[in-house]
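Every number in this text was worked out from the coordinates using simple rules, so none of it is lab data. For clarity, every value in this text was computed on a predicted model and none was experimentally measured. Glycine gets a Cβ as well: all are built from the backbone with ideal geometry, and neighbour counts include every protein chain shown.
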Amino acid sequence: MKLGPAMKPIRKDGWPHQPVADVWKRTLSQIPTVFGRLVYLAGLRDPNTGRYEHFGLAQMFGDDEAHQALCESHLVAFSQWLSFTLEQQKQDLDRYLESLHRDPRTVLETWSRVQPYRNLIPASAPETERRLYLADLETLLEVLRSEYGVVGPDPDA
């Protein structure tokens, strides 16, 4: 598991420091897919400030420590996703789509138009990792659109 440069030393139990351990053990471990963790963590980031906000963590550890823990956790989840083979990413994405309890065709049509998956990239991710993530995801979306008979977006629209 690749950890961000701002991580504190790893503790004996293998977790970087308490807030990160708390996030992973209590919340993120309950999310069965890595893609779902990316969605969850990106949803905790204020789009106007880039700061992560989580009331419970902030109450336990303070706003700054909560932000740092969530930022680091987002980077860890992103690194996990990138470490998967394309086949593993496809399996994870299939499981994520199943967990939504929504029509996959509708989800894929929306993703093709709105591209919400672009907002799942951690702000501090290197450009090469950003490009790899987008290339992989767009490849997977092509495969999924084909499987579900979803027409891709019109490039001239």
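Miscellaneous remarks
- Ranking L137, L108, V39 by Cα position along the charge dipole of the chain, where only Lys, Arg, Asp and Glu carry charges on their C-beta atoms, puts V39 farthest toward the positive end.
- Trypsin sites (Lys or Arg not before Pro), loop per DSSP, at most 12 other Cβ atoms within 10 Å - longest free stretch of the chain: 13-101
- Of E147, E138, E72, the one that fluctuates the most in a GNM where the chain has Cα springs shorter than 10 Å: E147
- Rh by Kirkwood over Cα pairs, then Stokes-Einstein D for the stretch 79-135 at 1.306 mPa s and 10 °C, µm²/s: 126
- Charge dipole (the chain, unit charges on Cβ, about Cα centre) - positive-most of F78, L57, A125: L57
- With the convex hull drawn around the C-alpha atoms of the chain, the volume per residue stands at 127 Å³.
- Pairwise label distance in nanometres, T49 with E98, each label 7 Å out on the Cα-Cβ vector: 3.9
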